[in-house]
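To start, the structure under review is shown below, and the notes come after it.
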Protein chains: 2
Amino acid sequence: MSFNTDLVVGVLGGGQLGRMLLQSAININVDLKMMDPDPNAPCSTLVSDFKVGDLEDYDAVYEFGKQCDILTIEIEKVNIDAMKKLQSEGVKVFPQPEIIEMIQDKRVQKQFYKDNNIPTAEFVLTDTRVDLEKLISKFPAVHKIGKGGYDGRGVQVIKSKEDIEKGFDAPALLEDFVPFKKELAVIVSRNEEGEVSSFPVVEMVFHPEHNLVEYLLSPAIIDKSEEEKAKQVATDIIKKLELVGILAVEMFLTKDNEILVNEIAPRPHNSGHQSIEGNFVSQYDQHLRAILNLPLGDTRTKISSAMVNILGEDGFTGDAKYEGMDEVMKISGASVHLYGKKLTKPFRKMGHVTITDPSLTSLKKKIEVVKSTLKVKA
Amino acid sequence: MSFNTDLVVGVLGGGQLGRMLLQSAININVDLKMMDPDPNAPCSTLVSDFKVGDLEDYDAVYEFGKQCDILTIEIEKVNIDAMKKLQSEGVKVFPQPEIIEMIQDKRVQKQFYKDNNIPTAEFVLTDTRVDLEKLISKFPAVHKIGKGGYDGRGVQVIKSKEDIEKGFDAPALLEDFVPFKKELAVIVSRNEEGEVSSFPVVEMVFHPEHNLVEYLLSPAIIDKSEEEKAKQVATDIIKKLELVGILAVEMFLTKDNEILVNEIAPRPHNSGHQSIEGNFVSQYDQHLRAILNLPLGDTRTKISSAMVNILGEDGFTGDAKYEGMDEVMKISGASVHLYGKKLTKPFRKMGHVTITDPSLTSLKKKIEVVKSTLKVKA
């Protein structure tokens, strides 16, 4: 069978994930079409077929998808009905719209874990903020909005009665606060034929205030048995979903060495950036292989790596200026990825730096240099 | 000093080298403009600012370059006068036009080696084919055309009097036939500040008939002293030229363990593709760093690699079809790069496969699988 490079692959979203997906697509000569509401989105100047359109609008998504053989996403906030319609008309929509729909609502997502014996923190559903008043015995707990949360928004820690006002006055869920040792993530993938593959487990260190990944270590420094357990859970999920594409599974490793699933994302993910430099195949390569029904690649670690997000500096909004690039580019093994966003805002993801180094001590030192040196101001 | 991502960088040529340069440029958010005579060139759909134009035409190159802050090349057959004019008007032209001009003429190139004590095979200049008749005592020898040779064209081995008719009836040079053990290449780079860096030496295995690299090993399997000598020669050349950018130096390792320079190319080169997966920094990253006057990156080997060119199958001309992609994608550590050329022709460079593997035995086995499996037909 000869490889078909004439397939029209459409991507909903043209942000940084689309940008790195595009870099991979170039390697296998697959042209991507993209749609994003922002005419200055990171991919806007890189795709000859870039369309400005509302990803949550039925007509916009349908019209865009109709011209594609395969439709995929780089963001979950997309119009599901249009994707279902396209699927019924023969467009291959990967990940499948039903799965994106389930994931869009954290309440349904949690129910899915429960129904399928996927380990996750205990929870109760809440419909309004008032419901929290009956749940005081559960505090400290985490209140998560059902729909529309993203990148740390839509999550509130409710420590005591006084925090109830921070809770969501909309359909949400209250989850047990999990005292965890580590936050882990596993990226799994599955192609149309059902071949499944897992990347090594990675370990995330979050910024205490902003609830965004501060840096990441790949592979995670955990026991072999924990590694196996985490991979098994992620593999179970993708198999139960029968998802075609890539799935990022964020997990807690609890103080009792349990693995609890926190969230999933059916697309390339922040926790997989370092695979570009650190693994034999990257998450972007793997996503394309999965949706094109190609054999999945070798996910093993090529070299240990760390990934640091470059966030917009607090207090600066405006045209992005990058300070400290020279210093960072002098670091051996540092690979800078700027996302091409014109405008910086406090804590906006403006890029990331991957550092590859076989020595953990050296990796950690280099992370500190990157964090203290590279600043995005306006 | 803040990093300027608003620089307009123009590239003359939009082929496969431009394509991989573009993938690197995305990482540092530098938009590339490109010009190529072929409207279907590999980069045509990937750059929003792609111009169709004759690279040897003064006006076309001048008009294109006038809109750039920095102008670079991915092919040497470009109009030098226009580049000189642009340089005089303040455009940073890297590599410098005088260097490209020197390299465009193999006769001048050889003279440069001689004048600068760069080791190279002995030679005499010839102006017409008839001149060869007076040089029979030098046979076997290699006849190289002065201008216009490319990818194995413009080179003829003259074994005996009978071969004289294959010689060039144009300004050329006749070079001693060098009995060599290995063909090596070293990529060196230099930024505007004068920082110089060298990649590890790689080893090329040529196809016996077509005079094109068949596969390449990185790093080369040579003695430490040979490695040092090869790097020293390449470093000497780039320093003497004061070239800004990247320079590929092709060399022979003779049976007497001498290093003799064969040819140089002042741009990313076929012998550096594997650096994308195999080294901490790729030749494309390094070229951009050099011309943008950024610190040069760490060129060390991350993991041993091999590179196999994917050539159009003999006997097929027409719309390219790729056979065996599935099998090749199953090979652990194999990274496929297709160049996006619509049309295949016998022996046309259509792509390459890089294989990374710490074991040399395993690498060589995988090379054989790639060579026997992946075919470009029409």
P(r) of the range A:180-377 over all Cα-Cα pairs, binned every 5 Å from zero, in whole percent: 1, 8, 16, 18, 19, 16, 12, 7, 3, 0
1.4 Å probe, heavy atoms, protein only - residues of the range B:276-324 losing at least 40 Å² accessible area vs chain alone: B:280, B:289, B:295, B:302, B:322
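What accessible area per residue, rounded to a whole number of Å², is obtained for the range A:122-176 using a probe radius of 1.4 Å?
Working: 3080 Å² over 55 residues.
Per-residue accessible area for the range A:122-176 comes out at 56 Å².
Cβ neighbours within 10 Å, averaged per peptide: list A:28-38, B:46-56 in order, most packed at the top. All intermediate terms of the calculation are to be shown ahead of the outcome.
Numbers: A:28-38: 21.6, B:46-56: 17.6.
By packing density, highest mean first, the sequence is A:28-38, B:46-56.
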Descending principal axes extents, the range B:53-95, alpha-carbon based, whole Å: 22, 18, 15
Global size of chain B as Cα Rg and Dmax, reported in angstrom: 20.3, 64
Gaussian network model of chain A, springs between alpha carbon atoms under 10 Å - residue of A:317, A:344, A:299 with greatest fluctuation: A:317
The range A:59-103, relative contact order [Cα under 8 Å, separation at least 6], %: 43
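Would you work out what percent of the accessible area of chain A, with all protein chains in place, is carbon or sulfur (probe 1.4 Å)? Numbers along the way, then the final one.
Working: 6860 of 14720 Å².
Looking at chain A in its full context, I get 47 percent from C and S.
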Residue-averaged 222 nm ellipticity for chain A, from DSSP H runs of 4+ at -39500 (n - 2.57), nearest 500: -7500 deg cm²/dmol
Fully extended contour minus Cα-Cα distance, from residue B:81 to residue B:360, at 0.36 nm per residue: 95.8 nm
Label point at residue B:101 placed 7 Å out along Cα→Cβ; residues across the range B:65-85 whose backbone nitrogen lies under 14 Å: B:78-85
10 °C / 1.306 mPa s Stokes-Einstein diffusion coefficient of the range A:144-272, Kirkwood radius on C-alpha pairs, µm²/s: 101
Interface B:A - total buried accessible surface [probe 1.4 Å, Å², rounded to 100]: 3900
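Do any trypsin sites (Lys or Arg not before Pro) in the range A:265-327 lie in a loop, going by DSSP, with at most 14 other beta-carbon atoms within 10 Å of their beta carbon, and if so which? Can you show the working numbers first?
On the way: sites: A:289, A:300, A:302, A:321; in loops: A:300, A:302.
In loop regions of the range A:265-327 (DSSP not H, G, I, E or B), the sparsely surrounded trypsin sites (Lys or Arg not before Pro) are A:300.
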Alpha-carbon centroids, the range B:1-66 and the range B:105-123: separation in whole Å: 32
Percent of alpha-carbon pairs separated by more than 42 Å within the protein assembly as shown: 31
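Could you give the dipole magnitude of the range A:9-93 about its Cα centre, charging the beta-carbon of Lys and Arg +1 and that of Asp and Glu -1, in debye to the nearest 20?
I would put it at about 240 debye.
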Chain B Cβ-axis minimum, rotational copy A, residue and distance in Å: B:23, 2
7 Å along Cα→Cβ, label-point gaps from residue A:4 to other copies, nm, shortest first: 4.8
Between the range A:285-318 and the range A:154-223, the Cα center-to-center distance that results, in Å: 17
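Might you tell me the accessible area per residue for the range B:263-365, computed with a 1.4 Å probe and given in Å²? Before the final figure, lay out each step's value.
On the way: 3080 Å² over 103 residues.
Accessible area per residue: 30 Å².
Take the alpha carbon gyration tensor of the range B:9-93, find the square roots of its eigenvalues, order them as a ≥ b ≥ c, and report rounded if a/c is under 1.5; if not, report prolate when a/b exceeds b/c, else oblate. Can you show the working numbers first?
On the way: a/c = 1.98, a/b = 1.32, b/c = 1.50.
Since a/c reaches 1.5 but b/c is at least a/b, the shape of the range B:9-93 is classed as oblate.
What is the dipole size for chain B, taken about its Cα centre, with +1 at each Lys and Arg Cβ and -1 at each Asp and Glu Cβ, in debye to the nearest 20?
720
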Label point 7 Å beyond Cα along the C-beta direction, distances from residue B:254 to other copies (nm, shortest first): 7.4
Shielding by partners - mean other protein chain Cβ count within 10 Å, residues of A:24-33: 6
10 Å-binned pair-distance histogram of the range A:145-187 (Cα, whole percent): 22, 49, 26, 3
Teacher prompt: residue A:137 distances to equivalent labels in other copies, 7 Å Cα→Cβ, nm: 10.9
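Just how large is the dipole of the range B:222-318 about the Cα centre, in debye to the nearest 20, putting +1 at every Lys and Arg Cβ and -1 at every Asp and Glu Cβ?
Values: 10 positive and 15 negative charges, 80 e Å.
Dipole about the Cα centre, nearest 20: 380 debye.
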Length-normalised contact order for the range A:180-377 - Cα pairs under 8 Å, 6+ apart - percent: 21
Spacing of the two label points (7 Å from each Cα toward its C-beta) at residue B:170 and residue B:129, in nm: 1.3
Neighbour net charge for residue B:310 - beta-carbon separation under 10 angstrom, K R +1, D E -1: +3
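The values are calculated or read from the model by the stated rules, or taken from the named source; none is laboratory data. Only a predicted model underlies this, so the values are computations on that prediction, with no experimental measurement involved. All Cβ positions, glycine included, derive from the backbone under ideal geometry; neighbour counts span all protein chains shown. Protein only, heavy atoms only, side chains kept; ligands, DNA and RNA dropped before computing areas. Shrake-Rupley method; radii C 1.70, N 1.55, O 1.52, S 1.80 Å.
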